[in-house]
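Only the coordinates and a few stated rules stand behind these numbers; no lab work does. Remember, predicted model here, so these are calculated numbers, not experimental data. Here the Cβ is made from the backbone with ideal geometry for all residues, glycine too, and neighbour counts use every protein chain on show.
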Amino acid sequence: MAGKHWLTICAIAALAMTASVDSARSADRLKRGVDFSGFSGGSIWDWLGSKGFEPKQDASNARRVVYSASPSALVLETKTRAFGLLLNEMDVRDYSHVRIEWGVDAFPPGASYEKEVRAEAITVYIFFGKERHSSGSLFIPDSPYFLALYLCETEATNKPFTGRYHQASGRFICVERPQLGATVATDFPIADTFRRVFGKEPPDISGIALAIDTANAKGSGVAKSFIRKIEFAE
């Protein structure tokens, strides 16, 4: 499952990051973030599609992952061990921070990067640039640089963890330990963190992804979270 998880992330990322032409970026790709408020009914997929998101992996399988929305937030929920991913290609320049309003109603059982149980109730992936870097495996596609910010239950915050693959180009960072049900407002210095972790100037942001991943969780794999807003600030 872990290999399939990484294959999906990297294949999608590689496709998305090469989809637009560098010399002629369209105005509708130039965004500062996403607001998940304002759902007034109808198809959740039409609504997410209008915001630029595409469902990948288990995201469109309602027996495994359920997405719903209130007037103020998008809700993500797994019914079993699953990996749901929503991908959004966008161009963001002149940024320093990302601001995220989000929270967790139920953490995946046993989730802890420190104990190598890699599972998250909610993660925001931020992809940087279009150049792809080695995955470290012949079987896993290369990927742009990325930072994966998530909410955790017990482990250290602001500590970069590496995954099984892309150890030179990707980091997972728990940015908050919220109380269940509480909305937290994260203001995270992604540009400075990129410099500190990768030792170079960060390129333009080329995409984001929103994930709920309980594929490697213990027990039932049930988790639930919500998100109100992702905003990039100078």
Quiz item: Which condition does Gly181 not pass, out of (1) touching a helix residue (DSSP H, G or I) at 6+ places or on another chain (Cβ under 7 Å); (2) farther than 14 Å from Thr123 by Cβ, if it passes all the others?
Solution: (1)
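Do you know which of the residues in segment 29-69 that are over 17 Å from the mean Cα position of the chain (by Cα) and in contact (Cβ under 8 Å) with a residue 40 or more places away in the chain is nearest to Leu210 (Cα to Cα)? Steps first, please.
Filtering segment 29-69 down to residues over 17 Å from the mean Cα position of the chain (by Cα) leaves 29-30, 37-47, 50, 61-64, 68-69.
Narrowing further to those that are in contact (Cβ under 8 Å) with a residue 40 or more places away in the chain: 29-30, 37.
Details: Arg29: 17, Leu30: 18, Ser37: 16 Å.
Checked segment 29-69; the qualifying residue nearest to Leu210 (Cα to Cα) is Ser37.
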Practice problem: Keeping to segment 176-203, report how many residues are touching a residue at least 40 places away in the same chain (Cβ under 8 Å), surrounded by 13 or more Cβ atoms within 10 Å (Cβ to Cβ) and either over 18 Å from the mean Cα position of the chain (by Cα) or not in a strand (DSSP E or B) (or both). | Solution: 11
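Looking only at strands (runs of 3 or more DSSP E) that fall completely inside segment 71-131, which ones have 2 or more residues that are small (Gly, Ala, Ser) and touching a residue at least 40 places away in the same chain (Cβ under 8 Å)? Break it down stepwise before answering.
Details: elements: 74-78, 83-92, 97-106.
Per the criteria, 97-106.
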Quiz item: Is there a residue being out of contact with any Lys or Arg (no Cβ under 8 Å at 6 or more places or on another chain), more than 13 Å from Ile126 (Cβ to Cβ) and assigned to a loop (DSSP other than H, G, I, E, B) anywhere in segment 204-215?
Solution: no
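If the requirement is being more than 20 Å from Ser37 (Cα to Cα) and among the aromatic types (Phe, Trp, Tyr), which of these qualifies: Phe226, Phe198, Phe232?
So the residue among Phe226, Phe198, Phe232 that is more than 20 Å from Ser37 (Cα to Cα) and among the aromatic types (Phe, Trp, Tyr) is Phe198.
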Exercise. State whether the residues of segment 114-126 include one that is closer than 28 Å to Gln179 by Cβ, of a type in the set (D, E, K, R), within 13 Å of the chain's Cα centre (by Cα) and crowded, with 16+ Cβ neighbours inside 10 Å.
Key: yes
